[in-house]
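*Asks:* Structure provided below as structure tokens; questions to follow.
FYI, it's all coordinate maths here, none of it is from the lab. Bear in mind the structure is a predicted one, so any value in this text is a computation, not a measurement. Using ideal geometry, Cβ is built from the backbone for each residue, glycine included, and neighbour counts are taken over all protein chains shown.
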Amino acid sequence: MAIERGSVIDGKYEILKQIGKGGMSAVYLAMDLRLNKQWAVKVIQKKGIGKNNEVVLNKVPDDTELMKRLDHPAIPRIVDIIDKEDDPQIYIVMDYVEGESLDKILDEYGAQPQDVVIDWAKQICDTLGYLHSQKPPIIYRDMKPANIMLKPEGNLKIIDFGISREYKEQNLADTTVLGTKGYAPPEQFGSRQTDARSDIYALGMTMHHLVTGVDPRKNDYVPIKQWNPSLMDGLEIIIDKCVQMAPEDRYQNCNELMYDLEHVELLGIEYKKQQKRKLMTFVISLALAVIMAFAGVLGMVVKHNNDTNTYDKYVTDSGYIDLAVDENSIAEACFKAIEIDGTRIEAYEKYIEKSTDAGKLLTYSFNETDKDNNTKSGTYDINRYTKYFSDNLEQLKQKPGFDKLAFDTGYAIFNLSKDNSELSSALSAQTYFKYVLEIGETSNYYNIANSFNNVCQFYNDYANAEKTGNESTKDDYEKLIESIAYCVDGDNLAKGFDFDRNESFVKLTLYNQFANLLNTNAQYFAGTGVDIEEVQNIYSTIYDNASSITVSAEVNKQLKNSIITNLNPTNGKYIRALERVYDNAANAAGRGQ
């Protein structure tokens, strides 16, 4: 039965109007008479008639209890449940999400700009990552444009948790076949249990719909560039990986997906480079095979693993590391040198230098069979690097240039790590910035390391607030802003980095990282009263610095264009978003007076 306008529920919530209806429930906009705040009230009939005219008894939905324990800005909160024995209806009071669903935006405007879709995908990926990190993980299972609300300030809210479920390790399959065909993965309609990779599939199909305007419920899947050749190679690579039929072929978690979304400009370039490198590697390998036939002794020298001369042949300017023809070989040479003598600093420096050149932390994987036909395989990556670093720490601290190595290692982990979330990367990087701080102000890297350490500490204290229970304050945000401002200052930056190599890439990746971090926290700056000019001044500095950099490499062009697009003083996306959240905060404060 419809509730009349002006009715008051439980003496607290005055009904303003009906805003939705479906099945045996309706949703109303209501005013909290105590807090002078608007909520959405979902009204469920306790007794109704089912599809076959049978009497159906309803209770508080399962997803209500699930949502009550969630705390994420993109997930509506359940704030009250009213279920009285003498009342024929159940009332669930929750956040009122003002805005428009993405399916309606698609209907009205068609395909959305790819930079907008990427920004939306990051927000959704962050939300799914939060759900999947719960104990046990929560699988959403109904990601589609209709369940995503775009708020006026540009942020997204995920709605309708009706078929979400907790992942149970012992279960081989879901007990209920639910979801929206076209968006949901094949395992959601089969005999296999859904997991985090199922949500990643649905997000991939949602991205495909948003960026092409092609409804997956009505059309077979084809890569996005077949619909629009002007779309980015990197975005096509991401979506194609999300929607692989076999879960093991998709991104395995949201951290992996988020990394590629944040580096989408580089993916297409890197893919093309890989194809060129494969061809080059084949040609060089063929030539080397001929040479090695006449120089078998060289193979023995490469595999020699005892004397200092072999170490030097790896790390000198004309050594194996600099002569390596691909990233896997570079990483292999670096790690073999470290294994020969982990107390010397040069091979560590080479690994970080080559990783910075490549724009990612290099990895070496091997699969070898010995003479007895025993197979040995493994991976050498940043985790192996940090173990060697830790095992030899006391000896490394005694070497000249340790402070530079520690800072460069921290920076590489902070900005180039692919497998970890930003939080995990920051916490890992902080260890190395602290090594510089232990040396004290005698180090040329002290001030820049201190600023990076403050940024990492911000992640530690507040980005992980669900675990620590900390609440951010105006002082905390101003300290973060002050630290970022120091890092992006041209003179200070020069003290922190050796610009003999790859100056443009180092600067641009740093500018891009910090611009994204500030944009992510803009609503919190506004909410705690941070002066908007403090953020605007950093945006202006980053914009001016990036604009002044002359670039020729395609990867640098992509980074520079991204920064200028986001921070253009006239119409930059981040500039508009910053002004919008501050306006909204001012309006909210005015209504509260």
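*Asks:* Set the Förster distance to 51 Å, then compute FRET efficiency between L393 and E4 from the Cβ-Cβ distance, nearest 0.05.
*Replies:* Efficiency, rounded to the nearest 0.05: 0.10.
*Asks:* Just grab the label-to-label distance for E471 and H72, each label 7 Å out from Cα along the Cβ direction, in nm (one decimal).
*Replies:* That separation, rounded to one decimal, is 2.3 nm.
*Asks:* Continuing with the same structure: Under a crude label model (7 Å from the Cα following the beta-carbon direction), how far is D215 from K181 in nanometres?
*Replies:* According to this spin-label approximation, the distance is 1.4 nm.
*Asks:* How high is the FRET efficiency between Q226 and E503 when r is their beta carbon distance and R₀ equals 56 Å, given to the nearest 0.05?
*Replies:* 0.90
*Asks:* Give me the number: length gained by fully extending E108 to D87, i.e. 0.36 nm times residue separation minus the C-alpha to C-alpha distance, one decimal in nm.
*Replies:* 3.5 nm
*Asks:* Right, another one. Taking the simple approach of a point 7 Å from Cα along Cα-to-Cβ for both V551 and E339, what is their distance in nm?
*Replies:* My value for the distance between the label points is 3.8 nm.
*Asks:* For segment 388-442, what is the relative contact order in percent, using Cα pairs closer than 8 Å and at least 6 residues apart in sequence?
*Replies:* Numbers: 33 pairs, mean separation 19.4, N = 55.
Once normalised by length, the contact order is 35 percent.
*Asks:* Full extension from D583 to D95: what is 0.36 nm times the residue separation minus their Cα-Cα distance, to one decimal in nm?
*Replies:* This chain segment gains 173.6 nm when fully extended.
*Asks:* So what's the gap between the Cα centers of segment 82-154 and segment 575-589, to the nearest angstrom?
*Replies:* Each part's Cα centre sits 22 Å from the other's.
*Asks:* Put +1 on the Cβ of every Lys and Arg and -1 on every Asp and Glu Cβ in segment 100-262; which of M143, I238, W227 then has its Cα farthest towards the positive end of the dipole?
*Replies:* M143
*Asks:* Of the chymotrypsin sites (Phe, Trp or Tyr not before Pro) in segment 505-551, which ones lie in a loop per DSSP and count no more than 14 other C-beta atoms within 10 Å? If you can, show how the numbers build up before the last one.
*Replies:* Values: sites: F505, Y511, F514, Y524, F525, Y539, Y543; in loops: none.
For chymotrypsin sites (Phe, Trp or Tyr not before Pro) across segment 505-551 that sit outside H, G, I, E and B with at most 14 neighbouring Cβ atoms in 10 Å, the list is empty.
*Asks:* If R₀ is 60 angstrom, what is the calculated FRET efficiency for the pair Q244 and D32, using the beta carbon separation as r and rounding to 0.05?
*Replies:* About 0.85, to the nearest 0.05.
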